[in-house]
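Some notes on the structure that comes next.
The values are calculated or read from the model by the stated rules, or taken from the named source; none is laboratory data. All values reported here derive from a predicted model rather than from experimental measurement. For neighbour counting, all protein chains shown are included, and Cβ atoms are generated from backbone atoms with ideal geometry for every residue, glycine included. What goes into the accessible areas is simple: the full protein's heavy atoms, side chains included, and nothing from ligands, DNA or RNA. Shrake-Rupley method; radii C 1.70, N 1.55, O 1.52, S 1.80 Å.
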Amino acid sequence: MAENIRVGVIGTSWFTDVFHLPALKSHPRVDVTAVCGRNRQRAAEIAGKYAVPLVFSDYREMIERGGVDAVLVASPDDQHYAMAMDVLEAGKHLFCEKPLALNAVQAGEMVQKAQSAGVIHGVMFTFRWTPEYQYLRRLVEEGYIGRPYHCQVRYLSQWGLEPAYNWRYDRRRANGALGDLGAHAIDLARLFFGEITRVSARLDTYIQRPGPSGEPIDPSNDAAVLLLEFANGAQGTLQVSAAAHTDQLQTIDVELHGAAGSLSASLPWQSGARLMRVPGAGQPAQDLPVPEELWCGTPPADNYMDRFAQLLCRASIGDRLFIDSILSGSLPQPNLVDGWKVQQVVDAALASNASGQWVEVH
Ligand SMILES: NC(=O)c1ccc[n+]([C@@H]2O[C@H](COP(=O)([O-])OP(=O)(O)OC[C@H]3O[C@@H](n4cnc5c(N)ncnc54)[C@H](O)[C@@H]3O)[C@@H](O)[C@H]2O)c1
């Protein structure tokens, strides 16, 4: 039997702890051999928790000496490009957090490097793997809504309400709520309706935050509204906010309307989702149960997020899909090309906000 895939992990935040490491460890063909974080003590703690033998605070050292075949890059957005390019230069498979980079030029270079390295690459667009959105996609593909007319994605959260320094809202380091939450929302819009061709956007910053040492900084947006045009002729609207007093940590609402009917899914992150369909004009809305097989036998949980974290340890999605793709030698979806296309939409939104004009996506 072939050897296991040896994985090194860069970034040791709660998300790595709750989602990435349990999923990687659940895969029977994975050995997580190394963990790297800027704070060595935190990295050592998490390595202890998941029985990872090697701990690094320098990611280049981990790539050289960690004995890894594949690397997960789960560091802040401004670190992705340099780390990914080094991982790919070393010929390792790459699983990168969203958003891929700070701009589409960087993201495009990452795609080219991955393609010339001939490695497997993937991106953690988490929400597309929820059973609700998998099911919506399947229904759209099967023609449930007919010719697509409108796609609405609304991702509201409390993540940025705290008026403390946060790299996400520091323009030097990230593209604010647009780059952070918007990357997921754009991925969902592409998942349901395909390529986005033109964007008009308005970005705002509502919460004032100091820099890392209390100094004033140039802030990134914490809220964004986008109008979208799709290659299939449909219209879209997309709203993201990190400054909304939602009743749960975050809620993602999707509505899809077409010539033959409408579908909607509301996904509050704790209580779980509600899917509805309207089969035609004047018809009452109906609840749409998600086929249980999409939960792959994951037992129900009080908190939706906990159940979804369990699903990531069972199904071929997220980190496990990346590993399965290495084992089968086929590229997963989404991969770096999807990450790059999402980044192009982010860039177009930034340009549109600056110019006040519609901007072509390229
Ligand atoms: N897919 C999702 O649903 C999801 C959810 C949360 C975060 N993310 C993404 O994950 C990434 C990290 O976000 P976060 O909230 O975990 O950030 P964070 O600031 O909480 O943690 C970043 C981690 O990266 C490490 N790090 C930073 N610079 C480093 C360096 N030079 N060398 C080694 N390690 C370094 C830090 O030590 C820390 O462990 C971001 O790109 C974010 O968008 C994705």
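General observations
- At R0 = 51 Å, FRET efficiency that the Cβ-Cβ distance of Asn39 and Glu142 yields, to 0.05: 0.60
- Beta bridges per DSSP with both ends in the chain, % antiparallel, nearest 5: 60
- Solvent-accessible surface (1.4 angstrom probe) belonging to Glu109, in square angstrom, nearest 10: 70
- The chain: relative contact order as a whole-number percent, Cα under 8 Å and 6+ apart: 19
- Computed label-point distance, nm, for sites Glu162 and Arg65 using a 7 Å Cα→Cβ extension: 3.3
- Put simply, when 155-165, 86-96, 340-350 are sorted by average Cβ atoms within 10 angstrom per residue, most first, you get 340-350, 86-96, 155-165.
- The convex hull of the Cα atoms of the chain, projected and averaged over all directions, covers 18.5 nm².
- Two numbers describe the Cα atoms of segment 74-113: Rg and Dmax, which are 9.0, 23 Å.
- Portion, in percent, of the accessible area of segment 5-125 that falls on carbon or sulfur, probe 1.4 Å: 48
- Other residues with beta-carbon under 12 Å from the beta-carbon of Val119 carry, at +1 per Lys or Arg and -1 per Asp or Glu, a net charge of 0.
- With a Cα cut-off of under 20 Å and a minimum spacing of 8 residues unless on different chains, the lysine pairs in the chain number 6.
- Residues with amide H under 5 Å from that of Thr237, placed H, sequence gap 5 or more: Cys151, Gln152, Val153, Leu228
- Rounded to 10°, Cα long-axis angle of helix 131-141 versus longest principal axis of the chain: 60
- Length-normalised contact order for segment 5-125 - Cα pairs under 8 Å, 6+ apart - percent: 23
- Using a probe of 1.4 Å, the accessible surface attributed to Ser266 totals some 40 Å² when neighbouring protein chains are kept in position.
- Cα-centre dipole for segment 30-159 with unit charges at Cβ (Lys and Arg positive, Asp and Glu negative), debye to 20: 360
- Farthest towards the positive end of the charge dipole of the chain, among the residues Leu100, Thr126, Gln115, is the Cα of Gln115, using unit charges on the Cβ of Lys, Arg, Asp and Glu.
- Largest to smallest principal axis extent of the C-alpha atoms in segment 5-125, angstrom: 38, 26, 25
- Kirkwood hydrodynamic radius (C-alpha pairs) into Stokes-Einstein, segment 247-362, 20 °C and 1.002 mPa s, D in µm²/s: 121
- The magnitude of the dipole of the chain, with charges of +1 and -1 set on the Cβ of Lys/Arg and Asp/Glu and taken from the Cα centre, is near 160 debye.
- Positive minus negative residues near Lys341 (Lys, Arg vs Asp, Glu; Cβ under 11 Å): -3
- Positive contributions from Lys and Arg (+1) and negative ones from Asp and Glu (-1), summed over other residues with Cβ under 12 Å from the Cβ of Ile10, come out at -1.
- The angle between the Cα long axis of helix 318-328 and the main principal axis of the chain comes to about 70°, on a 0 to 90 degree scale.
- Taking the average, over residues, of other Cβ atoms within 10 Å as the packing measure, peptides 189-198, 98-107 rank 98-107, 189-198 from highest down.
- Angle between the chain longest axis and helix 40-49 axis [Cα atoms, degrees, rounded to 10]: 80
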